[in-house]
Every structure is written in C-alpha cells, then in structure tokens.
Amino acid sequence: MSIMGAPSSSGRFGEFGGRFVPESLIPACFELEKVFTEAWSDPEFKNEYQRILRDYAGRPTPVTELQRFSDWLGVRVFLKREDLAHTGSHKINNVIGQALLTKRMGKSRIIAETGAGQHGVATATAAALLGLECVVYMGEIDIARQALNVFRMKLLGASVVSVTSGSRTLKDAINEAMREWVASVDTTHYCIGSVMGPHPYPYMVREFQRIIGDEALVQMRQILDGDVPDYVVACVGGGSNAAGTFVGFVDTRSKLIGVEPEGGAAINRGIPGVVHGSLSNLLQDDVGQVQEAHSISAGLDYPGVGPEHSYLASIGRASYATAHDSEVLEALQSLSRLEGIIPALEPAHAIAYVIREAGKTIPLGSSVLITMSGRGDKDAESVAMMLGENN
Ligand SMILES: *Cc1c(COP(=O)(O)O)cnc(C)c1O
C-alpha cells in the first residue's frame, strides 16, 4: 500500500481532510466521488484524458538537467518542465480531467474561482476545448490586478463574475463559487484548482496531477540508471503540483520537500482548522479568524493548504520549508541568466530553497528534482516593478 493511497471513505488523510459542506452539497460531493471513481478505473476515460494531454497539452513534459546552474551550486539539479505544458503550467492536467468528468456527469456548465487568474484561464481553456459553458468568480480587487488574465478568459469564451464581498479576493471568490454551486448543482460542476475543498476534491485533483510524478519517476530512473533523485522539491500553494509530484516518489527513498512562501506558510505556521470544506493547516489568529496570506506570488497567496500535505507533514514523510520574497526574486534571476529559463514566481520558491540549502542541508553532489510548475511570462510585469523598486 502506498503512503499516498486513497483517503478513507470520509475523505480523511490521517486526521485531515473530510467533507465539511452544507447539507445541500453532500449529494453533489457523493455524485462526484462516484463518477470520478468509476471514470478513473475506466480505460476509455483514462485514454481520452491521456490523449488530450498528449496531443493538445504537449505531454509528456521533459525533464531538463541544468548544467550551468548545477555547476554553480555543486548539486545536480533537474527540472520537471510543467512550464512547457499548454497554458504554461501544470494546471491544465487538472482542468482537462475535471472538464471530462463534467461531460461524463451530463452537465453542460463549469464554474471556477480564481485569484491570480491562472486557474480561471486554465478552466476557460478546457471549457472551450470541450464545448462547456464557463463562469469564473473572481474578487473585485483581483480583477483590477489581473486585467490580462481577465481578458484571456473572455477571449476563451468564459464570463467573469466580480465578487464584491469581504476582502474581494480569492477566499471570497471561493465562497461565492460554493454558493453558486449549491444553486445550480444539477447542471453545473465546480472545478476546484488545487488539492483543496471537500472530499473527493483533494484526492481527485492529486490523481489528475499525478501524471507529473509518474512521468518524472520514469524519466529520472532513466537518467540516473535506475536510481531516483536524493531530493524532490516543489512549491506549495494549495499543493497540487507538489502532491502530483510527490505521489510519484513517495514510496522511494527520495526526500520530499514542499516550499511555502514565508507570508503564506500554512504548514509551517498554521494550525488545524476547517476552511472551504476540509480540515487542514490554516493561518488563523488567536480567535480562529482566517488570516490573509501575503506573497509576491499571487498563485501562492492563500491561507490554507491541501489536507494531504498536513498529513504528510504529520507523519514526517515530507518536510516543508519556506522561502522569502527577496530570495525568490534572486532565484528567478539566477535561473534565467544561467539557464535561459524564466520561472514563474511560484516555482522560484522551490529554486530559492535549493540555492539556499545546496552545500548545507542538501549535501554537495546530491541529485535534486525540482518541479517547474509554470513559466514566468505572466509575472514579468510585476517582477519588473519589484526590481525597479528594490534596485
Ligand atoms: C497555481 C500555481 C501554483 C500553486 O498551486 P499548487 O496547487 O500549489 O500547485 C504553483 N505554480 C504555478 C505556476 C501556478 O500557476
């Protein structure tokens, strides 16, 4: 049995996870669990999912060994190149799976919430491909900050709904999408963008992302003559690219390390609490109010984390570190200059960790696989502004 197997029937990974939703959504969660379980063991569904990811999204993504970067650090560094997948990140793996499930359930409409806009764009892409109506909920503040992604979603045929309640950012957009799902569950699937939410989402999204780790394990064994990397490192927002990577290596000797932003370190500084449908580590104040996360990377700007990561941390199978904004900006520039690969700010956290720890907790000569969850084009403008301010 794998350490990252299926959760319990109530969706628990150890004590974490579960299905904390209003009564009215329980049937929808049960339906989704049933449809997903059947689909995932149906070779026809899996073939279609894999065919689309191959012919449309460009999988398998390569593993690139970094020569100059490795020489600089004294450790052998490899990138799993999710930045080369269609739409520029790993998010496509999950949304293709959920869009196919939407059709399998006989539903014609898909809704999503988005903060930075990346999951919204990915969902709108999958909806366009499969002919589904798509509505994306987004906080009013995020809409103003992410005008380009809002326009992309509209080009792809989605409608974008401005959420004006609360802090007018991601967590309010999630609440609104949940409410909308309750109201339209007969025709509508709610596409969650990470390993978060009520059961079966954390499990289902991890399974749709395991293609990263499954491919990378085969690729690394080939490169390392049957061996696996000493370290496997990925950034953690909600935790889907990390979970999809870790599941490929969890039953090997590789050390698994998730890297959180210093200002959104739910595993490192949160305590267990329930938010958006499941129990996991969560940034909260003394009276249990959810705290705002702050990160230069909008994709990691979330106070919670997927429950399976809380579980992996609790049993010690994965460890979780943090990276500071300033180290992340440095790492982004170093990788760009040494390798000609501009990372998104999110995976730049994982890169920053490896730069900091090489020759310290990561011994010289080690092999390290980093999941390059996305490309940096989307962040170029904000990076230019931050560097302008700092230099
Ligand atoms: C959304 C996003 C993330 C964070 O999401 P996870 O669920 O933690 O993977 C990380 N990297 C990129 C490029 C993203 O777009």
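Considering only SER382, VAL185, GLY5, and ranking their Cα positions along the charge dipole of the chain that arises from unit charges at the beta-carbon of Lys, Arg, Asp and Glu, the one farthest toward the positive end is GLY5.
Taking the helices alone, the chain has a mean residue ellipticity at 222 nm of -14000 deg cm²/dmol, built from -39,500 (n - 2.57) per DSSP H run of at least 4 residues and averaged over all its residues.
Within region 1-143, all pairs of alpha-carbon atoms sorted by distance into 10 Å bins from zero give the percentages 10, 27, 35, 20, 7, 1.
Report Rg/Rh for region 254-391, rounded to two decimals, where Rg is the Cα radius of gyration and Rh the Kirkwood radius. Please list the in-between numbers first.
On the way: Rg = 15.7 Å, Rh = 15.9 Å.
With Rh from the inverse mean 1/r over Cα pairs, Rg/Rh is 0.99.
Split the accessible area of region 156-269 by element, probe 1.4 Å, and carbon with sulfur accounts for 48%. 3J(HN,Hα) along region 247-262, derived from phi through the Karplus expression 6.51 cos²θ - 1.76 cosθ + 1.60 where θ = phi - 60°, amounts to 4, x, 10, 5, 9, 10, 7, 4, 7, 9, 9, x, 10, 9, x, 3 Hz, with x in place of Gly and Pro. Taken over the Cα atoms of the chain, the convex hull encloses 134 Å³ per residue. For the chain, a crude dipole built from +1 on the beta carbon of Lys and Arg and -1 on the beta carbon of Asp and Glu, taken about the Cα centre, is about 640 debye to the nearest 20.
A simple count of charges around GLY58, restricted to other residues whose Cβ falls under 14 Å of its Cβ and scoring Lys, Arg +1 and Asp, Glu -1, yields +3. Let me see the pair-distance distribution of region 266-330: every alpha carbon pair, 10 Å bin width, integer percents in order. In order of increasing distance, the bins hold 21, 49, 28, 3 percent. Subtracting the Cα-Cα distance of GLN222 and GLN289 from 0.36 nm times their residue separation leaves 19.3 nm of extension gain.
Put a plus charge on the Cβ of each Lys and Arg, a minus charge on the Cβ of each Asp and Glu, and nothing anywhere else: the dipole of region 240-391 about its Cα centre is then about 660 debye.
Under a point-charge model restricted to the Cβ atoms of Lys and Arg (+1) and Asp and Glu (-1), what is the dipole moment magnitude of region 54-128 relative to its Cα centre, in debye to the nearest 20?
340 debye
The values are calculated or read from the model by the stated rules, or taken from the named source; none is laboratory data. Please read all numbers here as calculations on a predicted model, not as lab measurements. Neighbour counts are summed over all protein chains in view; Cβ atoms, including those assigned to glycine, are modelled from backbone coordinates with ideal geometry. With ligands, DNA and RNA removed, areas are computed over all heavy atoms of the protein, side chains included. Shrake-Rupley method; radii C 1.70, N 1.55, O 1.52, S 1.80 Å.
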